[in-house]
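The values are calculated or read from the model by the stated rules, or taken from the named source; none is laboratory data. Computed from a predicted structure; not experimentally measured. Here Cβ is always computed from backbone atoms with ideal geometry, including for glycine, and neighbour counts include all displayed protein chains.
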Amino acid sequence: MLKDTGERVIPENMKITNALLVEHIARYHFATNYVQGRVLDFASGAGYGSHIIAKQCKKQVEEIVGIDIDEEAIQYAKGTYYHPLTSFIQGDVTDPSLPEELGAFDTIISFETIEHIKNEEQFLTNIYHLLKPGGTLVLSTPFGQGRGQPCGSPFHVHQLTVNEFTNLFPEYEEKTFYFQRGALIEPAFLGTKEYYPLGIVVAKK
């Protein structure tokens, strides 16, 4: 049994009404609109998201690779969410050798990861090098008080402001931002005073 760290989403251990579960699953279903070819689920956790992509997108996906730093999570994913299109590998998302080891991907998904990463620059550099020219990145993070500021979660290094988040991707050719609240994901209205706790970017290299 995979241990619940307090932030880890393990669908088998959660009620269908759990808000954290609902928003995480909503993001993966949102991502099905963009995935194709070779797909990387960067920080794949328990593996349920990779499985959603495999089941929903099997006609347009060649392979899905899930990477997570937690070996226990990788073993759980392998045992619980087997699919012939999917493989799960233990690895650190900030390891600079990953692009050479894994090759390039048509789509990279990374949900609720960057707020856990101290070496944010290397994480983003890895993503850029792992993504094929013309490939698509779908990445999400919760909003907060910004870099270097305390946040409510003991698991997060910090939580970016909307401004900080939207300025993370200058090297991408196209960027579209979305806001999320619960299961609702809609185009970002930058400058709105309405509060959305989470942001998503769809960026094309």
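So the values come out like this:
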{"quantity": "Condition check for LYS58: part of a loop (DSSP other than H, G, I, E, B) and of a type outside the set (A, V, I, L, M)", "calculated": "yes"}
{"quantity": "Count of residues meeting criterion [touching a residue at least 40 places away in the same chain (Cβ under 8 Å) and exposed (fewer than 13 other Cβ atoms within 10 Å of the Cβ)] in the range 170-183", "calculated": "2"}
{"quantity": "Hits in the range 135-159 - residues which are touching a strand residue (DSSP E or B) at 6+ places or on another chain (Cβ under 7 Å) and farther than 24 Å from GLY91 by Cβ", "calculated": "PHE143, GLN159"}
{"quantity": "Selected residue [of a type in the set (Asp, Glu), within 23 Å of SER50 (Cβ to Cβ) and out of contact with any Phe, Trp or Tyr (no Cβ under 7 Å at 6 or more places or on another chain)] from GLU173, GLU164, GLU121, GLU72", "calculated": "GLU72"}
{"quantity": "Looking only at the range 72-105, and only at residues there that are among the β-branched types (Val, Ile, Thr) and closer than 19 Å to LYS58 by Cα, the one that is modelled with the highest pLDDT", "calculated": "THR86"}
{"quantity": "Odd one out for ARG8, checked against (1) among the basic types (Lys, Arg); (2) under 28 Å from LYS205 (Cα atoms); (3) not in a helix (DSSP H, G or I)", "calculated": "(2)"}
{"quantity": "Hey, TYR196 part of a loop (DSSP other than H, G, I, E, B), out of contact with any Ser or Thr (no Cβ under 9 Å at 6 or more places or on another chain), surrounded by 11 or more Cβ atoms within 10 Å (Cβ to Cβ) and hydroxyl-bearing (Ser, Thr, Tyr) or not", "calculated": "yes"}
{"quantity": "Hits in the range 68-116 (condition: in contact with a Leu (Cβ under 9 Å, 6 or more places away or on another chain) and closer than 25 Å to GLY146 by Cα)", "calculated": "ASP92, ILE108, ILE109, SER110, PHE111, GLU112, THR113, ILE114, GLU115"}
{"quantity": "Qualifying positions in the range 115-144 - within 15 Å of HIS24 (Cβ to Cβ) and in a helix (DSSP H, G or I)", "calculated": "GLU115, HIS116"}
{"quantity": "Candidates PHE42, PHE30 - the one that is of a type outside the set (S, T, N, Q), closer than 11 Å to PHE88 by Cα, touching a residue at least 40 places away in the same chain (Cβ under 8 Å) and surrounded by 15 or more Cβ atoms within 10 Å (Cβ to Cβ)", "calculated": "PHE42"}
{"quantity": "Given (1) loosely packed, with under 15 Cβ neighbours inside 10 Å; (2) of a type in the set (S, T, N, Q); (3) in contact (Cβ under 8 Å) with a residue 60 or more places away in the chain; (4) in contact with a helix residue (DSSP H, G or I) (Cβ under 8 Å, 6 or more places away or on another chain), index of the condition THR80 fails", "calculated": "(1)"}
